[in-house]
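Trainee: My questions will all concern the structure given below.
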Amino acid sequence: TFDKTFAIDDIIEEAYDRLGIFTLNGGHIKTARRSLNIMFQEWGNRGLHYWEVANNNLTLVDGQSVYTMYRSTGDGTSDATAIYGVDDILEASYRITSTNVDTPLTKVNRSTYQGYANKTSEGVPSQYFVQRFIDKVTITLYLTPGAAEDGNKINYYYVKRIQDVGAYTNATDVPYRFVACMTSGLAFYL
């Protein structure tokens, strides 16, 4: 079959087997789960994981230049209108909704954005600035969308966070080709 996935408890058991520990208690399992989450964070810091690149749209609002996405739900609740799991914006384009015509936007750094004299100038956005905070990621558009842009969209590609381990019976949020790396990495952490 091609659909074999490994549950978290299978990965944990395999990592401990590699260490010669064959009888596990609750402390072993809890430590391994925590270590997997830390390892996933480390993988996220090492660079771009293409299996975690996703695409989405933001609907523009007249006079609004800053749009917020969230890194996690924080308290376990979710908002149907919010975008969760965003770690960074890779690229974006301005999309005219009526024609589905896209115009690429240029990503600028903090210094460039800071140098703009009038950040409230309205018009068709041509650039964007991304800020990554602890709990959220914001995208700031320049020029600020005006009435003519209201309802059009910003189509963007973003890097999603690798999902936390969660329940022990969950499947991992990594492709099958990373199972050996994940198991070896967990054994190393343990």
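Trainee: List every residue pair whose Cβ atoms sit under 7 Å apart, with the two residues 6 or more apart in sequence or on different chains, where the first one lies in region 167-188 and is under 17 Å from VAL53 (Cα atoms) and assigned to a loop (DSSP other than H, G, I, E, B) and the second, anywhere, is modelled with pLDDT of 90 or more and not acidic (Asp, Glu).
Mentor: Within 7 Å, the pairs are THR172/ILE8; THR172/ILE11; THR172/MET182; VAL174/MET182.
Trainee: Now, a different point. List pairs: first residue in region 83-102 and in contact (Cβ under 8 Å) with a residue 40 or more places away in the chain, second residue open to solvent by 60 Å² or more (accessible area, probe 1.4 Å) and outside any strand (DSSP E or B) anywhere in the structure, Cβ distance under 7 angstrom, at least six positions apart or on different chains.
Mentor: From residues that are in contact (Cβ under 8 Å) with a residue 40 or more places away in the chain, the pairs are GLY85/ARG161; ASP87/ARG161; TYR94/VAL124.
Trainee: Here is a further query. Quickly run through region 138-166 and pick out the residues that are within 30 Å of LYS30 (Cβ to Cβ) and either among the aromatic types (Phe, Trp, Tyr) or part of a strand (DSSP E or B) (or both).
Mentor: VAL159, LYS160, listed by residue number.
Trainee: Suppose we keep only residues that are aliphatic (A, V, I, L, M) and open to solvent by 60 Å² or more (accessible area, probe 1.4 Å) within region 60-73. Which one would you say is nearest to PRO175 (Cα to Cα)?
Mentor: Here the answer is VAL66.
Yes or no, residue by residue, for (1) at pLDDT 95 or above; (2) of a type in the set (Gly, Ala, Ser); (3) more than 30 Å from THR120 (Cβ to Cβ); (4) surrounded by fewer than 14 Cβ atoms within 10 Å (Cβ to Cβ):
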site	(1), (2), (3), (4)
ASP3	no, no, yes, yes
PHE6	no, no, yes, no
TYR16	yes, no, yes, no
GLY20	yes, yes, yes, yes
ILE29	no, no, yes, no
ASN45	no, no, yes, yes
GLU52	no, no, yes, no
LEU58	no, no, no, no
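Trainee: Looking only at region 101-143, which residues are more than 21 Å from the chain's Cα centre (by Cα), hydrophobic (A, V, I, L, M, F, W, C) and closer than 13 Å to ASN155 by Cα?
Mentor: VAL101
Trainee: Let me ask something else about it. Can you pull out every residue in region 22-51 that is touching a residue at least 40 places away in the same chain (Cβ under 8 Å), touching a helix residue (DSSP H, G or I) at 6+ places or on another chain (Cβ under 8 Å) and in a loop (DSSP other than H, G, I, E, B)?
Mentor: Matches in region 22-51: HIS49 only.
Trainee: Then there is this: From the list SER72, SER98, SER78, which residue is more than 20 Å from the chain's Cα centre (by Cα), modelled with pLDDT under 95 and assigned to a loop (DSSP other than H, G, I, E, B)?
Mentor: SER98
The values are calculated or read from the model by the stated rules, or taken from the named source; none is laboratory data. If you're wondering where the values come from, they're calculated on a predicted model, not measured in any experiment. Because the Cβ atoms are built from the backbone with ideal geometry, glycine has one as well, and the counts that use them run over all protein chains shown. Keep in mind that these areas ignore ligands, DNA and RNA; they rest on the heavy atoms of the full protein, side chains included. Shrake-Rupley method; radii C 1.70, N 1.55, O 1.52, S 1.80 Å.
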